[in-house]
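The values are calculated or read from the model by the stated rules, or taken from the named source; none is laboratory data. Just so it is clear, the structure is predicted and the values come from calculations on it, not from any experiment. Please note: Cβ atoms are built from the backbone with ideal geometry, for glycine as well, and neighbour counts cover all protein chains shown.
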Amino acid sequence: MNFIYEVFFNELEFSQLKNSETEPILQAQVILVFLEERLKVLNKWLKYHVFESAQEQIHFFKLLKPSLFSKIIFYKSMLKTESHVPINKKER
């Protein structure tokens, strides 16, 4: 199960992307592209993967997959919020 986590939920790569941009809108866009690509790969992988046990399946769907979705939801909401901030407020 650790292999699955390392492939789809690479925190090091995610943190590098997170630190690559200082502008919140650009940062959210870059991270969303990265996370949505991971989600596509994950969905393709899930079509053909057979879990070894029910416990492994529960762990994956209860803990690992929601962590990816929560980040997507967060950055989509951050992008929406930041894109509606008036320009003068951002410069202060």
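Here is a check on your reading of the model: is residue 36 among the acidic types (Asp, Glu) and modelled with pLDDT under 90?
Answer is no for this residue.
Among the residues of region 40-92 satisfying the criterion of being among the acidic types (Asp, Glu) and assigned to a helix (DSSP H, G or I), which is surrounded by the fewest Cβ atoms within 10 Å (Cβ to Cβ)?
91
What are the residue pairs meeting all of these: first residue in region 12-31, first residue at pLDDT 75 or above, second residue surrounded by fewer than 13 Cβ atoms within 10 Å (Cβ to Cβ), Cβ atoms under 8 Å, and 6 or more apart or on different chains?
Matching pairs, first to second residue: 25/83; 27/20; 30/20.
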